[in-house]
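Colleague: The structure that follows is given in the form of structure tokens.
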Amino acid sequence: MDVPTAAISRFRHSVVTGGAGFLGSHLCTALLESGSQVTCVDDFCTGRRENVAHLTGRPGFTLLEADICHPFEVDTASPPPDLVLNFASPASPADYLRMPLHTLETGSSGTRNALALARRHGARFVHASTSEAYGDPQEHPQSERYWGHVNPVGPRSVYDEAKRFGEALTAAEARTHGSNVGIVRLFNTYGPRMRGYDGRAVPTFVRQALAGEELTVTGDGRQTRSLAYVDDTVHGVLAMAGSELLGPVNIGNPDEITMQELAELVIELTGSSSGLRFVERPSDDPAVRCPDITLARGKLQWEPCVAAREGLERTIGWFRRHHTSG
Ligand code: NAD
């Protein structure tokens, strides 16, 4: 991955909560390659040691097994942290529906503890929020000015509301303490190191296509998502880290695709003979999702550059090389 080193070259010690997860592990790699020391904090509720196995033992990399719902500290000897990326949270619906209370606790107490760490050391803090903050949106595409349409008591609320609360905490931290904090609203991101059974559309379709199984498309398959390749999302997050912006700032790929089109594209790119099977759509599943990235383009000079076909080919290549049992 080409790391946008200019944006982040000033950081000497970066802390990534959720660093052993899908996105966190790519962020740890990029930061280490930029010359920063990296402390990866993870409780492994959905993350995997193998995601950071390539970093373990490298100078400057520390793995701290901890649940951020409890106050935590990192090694501050040399040097103290100057960047905290708060990425800890179950993120796939299958995971957060299995761990509803842990998800709420991580977004609330966990975010507060990560903010406290950043404040103690005067570090820049970036909170990973989500397009789920828009719920089942009534505006399309979604700009940061839209406040969202979230069912506060539905099953998905454990994730959506935890993330919205994390945003509120982060904004209040800036108002109360004048801390250097930022919020990114990430839209669906895919790529290597996703778990084949995490329930999200891309790893599910790729796993099924490679196994010659039917691809399970929910509903009538006409609901849309905007899919960003992981390198693009990482670049956007690091651009936000290197800025002084509070945000929230949307980071996502505005190329919209229906779930049926995505399934058919995966079948084509894998050369699979699998067919499609339509299954029941989960409750509160958003009908459409597409970011307005005007703000990121203007303020961060960032925009995604990996097209769906290319990103999916890279992802399929990774899935072919790695057995994905989890
Ligand atoms: P992931 O499940 O692969 O990674 C989450 C990581 O957080 C895991 O390693 C998990 O073990 C860790 N974690 C969870 N709770 C923790 C706790 N209390 N203490 C310490 N570690 C904890 O998910 P991901 O897709 O990499 O998502 C990472 C972050 O980005 C999440 O905050 C998610 O909400 C956000 N996000 C991701 C996407 C996406 O498409 N991948 C989209 C929007 C937002």
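No value in this document is a laboratory result; all are computed from the given coordinates. Not measured: the values here are computed from a predicted model. Please note: Cβ atoms are built from the backbone with ideal geometry, for glycine as well, and neighbour counts cover all protein chains shown.
Colleague: Compute the angle between helix 230-242 and the longest alpha-carbon principal axis of the chain, please, reported from 0 to 90 degrees and rounded to the nearest 10.
Modeller: Roughly 20 degrees between the two axes.
Colleague: Quick one: of the DSSP bridges fully inside the chain, what percent are antiparallel, nearest 5?
Modeller: Expressed as a percentage, antiparallel bridges in the chain total about 10.
Colleague: Could you state the angle between the C-alpha long axis of helix 201-211 and the longest principal axis of the C-alpha atoms of the chain, as a value from 0 to 90 degrees rounded to the nearest 10?
Modeller: The answer is roughly 50 degrees.
Colleague: Could I ask something else about it? For the pair Glu33/Leu246, report the inter-label distance in nm, with labels modelled 7 Å from Cα in the Cβ direction.
Modeller: A separation of 3.4 nm, rounded to one decimal place.
Colleague: Still on this structure, I have one more. Indicate the gyration tensor shape class of segment 1-143 (rounded, prolate or oblate), computed on the Cα atoms with a ≥ b ≥ c the square roots of the eigenvalues: a/c under 1.5 is rounded; otherwise a/b larger than b/c is prolate and the rest oblate.
Modeller: prolate
Colleague: Take the chain, connect every pair of alpha-carbon atoms lying under 10 Å apart with a spring to form a Gaussian network, then pick out the residue of Gly154, Gly182, Gly110 with the largest mean-square fluctuation.
Modeller: Maximum fluctuation in the GNM of the chain, among the listed residues, is at Gly154.
Colleague: Return the FRET efficiency for the residue pair His140, Ala77: r is the Cβ-Cβ distance, R0 is 45 Å, and the value is rounded to the nearest 0.05.
Modeller: For R0 = 45 Å, the calculated efficiency reads 0.35.
Colleague: May I have the extent of the alpha carbons of segment 6-78 along their three principal axes, as whole Å values ordered from largest to smallest?
Modeller: Computed over the Cα atoms, the extents are 33, 24, 22 Å.
Colleague: Right, another one. Based only on other Cβ atoms within 10 Å, what is the fewest-to-most ordering of Phe165, Phe22, Phe319?
Modeller: Ascending Cβ contact count within 10 Å gives the list Phe165, Phe319, Phe22.
Colleague: Go ahead and set up a Gaussian network model of the chain, Cα springs under 10 Å, then flag whichever of Pro81, Pro93, Pro71 fluctuates most.
Modeller: Pro71
Colleague: Non-local amide H neighbours of Thr224 (under 5 Å, H modeled in plane, Pro and chain starts lacking H): which ones?
Modeller: Val288, Arg289
Colleague: Kindly identify the chain as rounded, prolate or oblate by the Cα gyration tensor criterion: order the square roots of the eigenvalues as a ≥ b ≥ c, call it rounded if a/c is under 1.5, otherwise compare a/b with b/c, prolate if a/b is larger, else oblate.
Modeller: Prolate.
Colleague: Evaluate Rg over Rh across segment 100-194, taking Cα atoms for both radii and Kirkwood's formula for Rh.
Modeller: Looking at segment 100-194, the ratio lands at 0.99.
Colleague: Could you work out the relative contact order of the chain, using alpha carbon pairs under 8 angstrom and six or more residues apart, expressed as a whole percent?
Modeller: 17
Colleague: Residue by residue, what Karplus-based ³J(HN,Hα) values in Hz, rounded to whole numbers, does segment 131-140 have, using 6.51, -1.76 and 1.60 with θ = phi - 60° and x for Gly and Pro?
Modeller: Result, ordered by residue: 4, 4, 4, 7, x, 8, x, 9, 10, 8 Hz.
Colleague: Going by a ≥ b ≥ c, the root eigenvalues of the Cα gyration tensor, does segment 263-326 fall in the rounded group (a/c under 1.5), the prolate group (a/b larger than b/c) or the oblate group?
Modeller: The shape class here is oblate.
Colleague: How large is the Kirkwood hydrodynamic radius of segment 155-241, counting all unique pairs of alpha carbons, in Å?
Modeller: After inverting the pairwise mean of 1/r, the radius is 15.8 Å.
Colleague: In addition: Going by C-beta contacts inside 10 Å, put Lys163, Lys299 in order with the fewest on the left.
Modeller: The order, fewest Cβ neighbours first, is Lys299, Lys163.
Colleague: Next question. Going by how many other beta carbons lie within 10 Å of each one, how would you line up Ser131, Ser9, fewest first?
Modeller: So the ranking, lowest neighbour count to highest, is Ser9, Ser131.
Colleague: Would you tally the net charge around Gly110, using a Cβ to Cβ cut-off of less than 13 Å, leaving Gly110 out, and scoring K and R as +1, D and E as -1?
Modeller: Overall, the nearby charge balance is -2.
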